[in-house]
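Participant: Mind having a look at this structure? Questions to follow.
The values are calculated or read from the model by the stated rules, or taken from the named source; none is laboratory data. Just so you know, these numbers come straight off a predicted model, no measurement behind them. Note that we place each Cβ from the backbone using ideal geometry, even for glycine, and neighbour counts take in every protein chain shown.
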């Protein structure tokens, strides 16, 4: 059972035999659970109510779940998204992560496994991988505030998902130093992560694109076979 803050979870699933036991299990664990069965309804709900976590089925009757995820992120939603799908293959996994999902679970799955994923995502989303009160400001003026979990360039905020923020926080706290892939995976996804490590590359790609679009003056450099380094873009 959860202790302290009650987290709200949105289940996006049109199949009753999957949604009902999932919701009951989440409620027994102390989560405040809502459910919608369509993609358009899910996007509207998330942008209005901003739940802590969305459990998103890809096979929805009105929209593809990947498009739903894309619209949630483009609308400014920064909470956790766990995609659930019966589709097989690495392509779906990578595409899902590329549009902003934080995790990926294939059907059939055990409820205990999904609960573990939700807890891990909330744990990472609720605390930065650096000290809670730490703020890092780079020489280019990029400010990473771990306590508020916000990133600013001057007066302008750069919106990042939970995982993008955590990766940036780790890299910024080791500015100009190479952070090994294993370190990033352990600190951002924890040592019990059993999904594809390509999630790190996809998250890095999204983070890099956002920094470039914001002209942040910082770039993420890949060191082949080792890891990544955050450095001031000369």
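The rows are residues; the columns are (1) more than 22 Å from residue 108 (Cβ to Cβ); (2) surrounded by fewer than 14 Cβ atoms within 10 Å (Cβ to Cβ).
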residue	(1), (2)
22	no, no
29	no, no
37	no, no
57	no, no
62	yes, yes
66	no, no
70	yes, no
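Participant: Would you confirm whether any residue within region 83-97 is at pLDDT 85 or above, in contact with a strand residue (DSSP E or B) (Cβ under 7 Å, 6 or more places away or on another chain), surrounded by 14 or more Cβ atoms within 10 Å (Cβ to Cβ) and not in a helix (DSSP H, G or I)?
Facilitator: Initially, region 83-97 is screened for residues at pLDDT 85 or above, giving 83-84.
Narrowing further to those that are in contact with a strand residue (DSSP E or B) (Cβ under 7 Å, 6 or more places away or on another chain): 83-84.
Applying the additional criterion that residues be surrounded by 14 or more Cβ atoms within 10 Å (Cβ to Cβ) yields 83-84.
This time we only want the ones that are not in a helix (DSSP H, G or I), so: 83-84.
Checked against the condition, which is being at pLDDT 85 or above, in contact with a strand residue (DSSP E or B) (Cβ under 7 Å, 6 or more places away or on another chain), surrounded by 14 or more Cβ atoms within 10 Å (Cβ to Cβ) and not in a helix (DSSP H, G or I), region 83-97 yields at least one hit.
Participant: Mind listing whichever residues of region 201-224 are in a helix (DSSP H, G or I) and under 21 Å from residue 182 (Cβ atoms)?
Facilitator: Taking region 201-224 as the starting set, the residues that turn out to be in a helix (DSSP H, G or I) are 201-213.
201, 202, 203, 204, 205, 206, 207, 208, listed by residue number.
Participant: Let me ask something else. Considering only residues that are crowded, with 16+ Cβ neighbours inside 10 Å and free of Cβ contacts under 8 Å to residues at least 40 places away in the same chain, look in region 42-55 and name the one that is farthest from residue 83 (Cα to Cα).
Facilitator: Initially, region 42-55 is screened for residues crowded, with 16+ Cβ neighbours inside 10 Å, giving 42-43, 45-46, 51-55.
In the following step, the residues that additionally are free of Cβ contacts under 8 Å to residues at least 40 places away in the same chain were identified as 42-43, 45-46.
Numbers: 42: 13, 43: 14, 45: 17, 46: 15 Å.
Only one residue fits best here, namely 45.
Participant: Test residue 167 against the criterion of being within 24 Å of residue 70 (Cβ to Cβ) and outside the structural domain of residue 53 (by TED's automatic domain parsing), and give yes or no. Before you say what the answer is, go through the steps one by one.
Facilitator: Values: within 24 Å of residue 70 (Cβ to Cβ): yes; outside the structural domain of residue 53 (by TED's automatic domain parsing): yes.
So residue 167 passes the test.
Participant: Right, another one. If we scan region 49-59, do we find a residue that is part of a helix (DSSP H, G or I) and touching a strand residue (DSSP E or B) at 6+ places or on another chain (Cβ under 8 Å)?
Facilitator: Of all residues in region 49-59, those part of a helix (DSSP H, G or I) come to 49.
If we keep only those that are touching a strand residue (DSSP E or B) at 6+ places or on another chain (Cβ under 8 Å) as well, we get 49.
Looking for residues that are part of a helix (DSSP H, G or I) and touching a strand residue (DSSP E or B) at 6+ places or on another chain (Cβ under 8 Å), one finds at least one in region 49-59, hence yes.
Participant: What pairs come up if the first residue lies in region 103-114 and is assigned to a loop (DSSP other than H, G, I, E, B), the second is loosely packed, with under 15 Cβ neighbours inside 10 Å and at pLDDT below 85, and their beta carbons are under 7 Å apart, counting only those six or more places apart or on different chains?
Facilitator: Pairs that qualify, where the first residue is assigned to a loop (DSSP other than H, G, I, E, B) and the partner is loosely packed, with under 15 Cβ neighbours inside 10 Å and at pLDDT below 85, are 107/86.
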